[in-house]
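Participant: To start, I am sharing the structure in question, which I have written as structure tokens.
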Amino acid sequence: MGQTKSKKSVSPGLHVQWESDYDSTWEEEDERPRKKKKNQIPRHTPNLDFYQNKKPFKPNGVYIEELLSDWKFDYEKLERNHSYIQWLFPLREPGRNSSATPLTMDEIQMMRKDREVVRRFLNAYKLMLGFYGIELQDSDTGKLQKAKNWKERFHNLNNHSHNNLRITRILKCLGEMGYDHFQAPLVRFFLEWTLRDNYLPNVKRSVLDYFMFTVKNKQERRELVQFANENYKSHEPFIWGPEKKLSIYSSEKRTKNEERPTSRKKTDRR
């Protein structure tokens, strides 16, 4: 299942309804599978080399093992440095760091098969979660919880908007590296804290415009959009999904919940 097309960054006040041209979440037809290229030995693998601890990130960077160990709790350095994020979470598109190279399909395949690379990638994810005040509670499901220092880290996140771009990159890279199941829990976490619990006001728009639509699993995307719709509190219209389908989806969800048998507690007859 593929990702949605990029959405326009538009204020709700400028258009009043969901636009199907920018969102494949509600399409029913399956996407055509991509043609596989013939196996070729790649000559240039900078992202793989970095993750194999063979070269430092550029410019003026360090090796990944040093980054993962020495930078883990150096939040000031993680905040100030803007070069490492493109190397920790490479994408198949150019970023703002001209010294970083877009990820290739060959690199993706080789990185997924390398146990040390996979270990480092998971640790890189945990490092950035910690930077944002989040802990990975379950490595199998991607379940998250807030860290002990969440208030301090949330304050930093809310006041440095460039981290919204970083989180979007992280979410996309999770999909590239085979951690699709980590995407929805991270987006759900931010939806809960921005919409339901009214924290992180400066992150809310990025969650709605970008975070949700990085999720590759279409059913999970629908559930996230539905959750966002149910917790959206604004006089402006909800433009991130089709009103009729959201209404039907919500109705079906209520019906399923009503049909689900309720468990009765056993009474103590002593």
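Participant: Looking at Asn123, is it in contact (Cβ under 8 Å) with a residue 40 or more places away in the chain and more than 14 Å from Phe190 (Cα to Cα)?
Facilitator: yes
Participant: Quick one: is His82 open to solvent by 70 Å² or more (accessible area, probe 1.4 Å) and touching a residue at least 60 places away in the same chain (Cβ under 8 Å)?
Facilitator: Values: open to solvent by 70 Å² or more (accessible area, probe 1.4 Å): yes; touching a residue at least 60 places away in the same chain (Cβ under 8 Å): yes.
Yes, satisfied.
Participant: Ok, one more. Among the residues in region 85-108, are any in a loop (DSSP other than H, G, I, E, B), within 16 Å of Thr214 (Cβ to Cβ), open to solvent by 40 Å² or more (accessible area, probe 1.4 Å) and without any contact (Cβ under 8 Å) to a residue 40 or more places away in the chain?
Facilitator: Within region 85-108, one or more residues are in a loop (DSSP other than H, G, I, E, B), within 16 Å of Thr214 (Cβ to Cβ), open to solvent by 40 Å² or more (accessible area, probe 1.4 Å) and without any contact (Cβ under 8 Å) to a residue 40 or more places away in the chain.
Participant: Please verify whether Lys266 is over 12 Å from the mean Cα position of the chain (by Cα), at pLDDT below 95 and more than 18 Å from Ile134 (Cβ to Cβ), treating the condition exactly as stated. Spell out the reasoning first.
Facilitator: Numbers: over 12 Å from the mean Cα position of the chain (by Cα): yes; at pLDDT below 95: yes; more than 18 Å from Ile134 (Cβ to Cβ): yes.
So Lys266 passes the test.
The values are calculated or read from the model by the stated rules, or taken from the named source; none is laboratory data. These figures come from a predicted structure and were not determined experimentally. Glycine gets a Cβ as well: all are built from the backbone with ideal geometry, and neighbour counts include every protein chain shown. We work out accessible area using only protein heavy atoms, side chains counted, and drop any ligands, DNA or RNA first. Shrake-Rupley method; radii C 1.70, N 1.55, O 1.52, S 1.80 Å.
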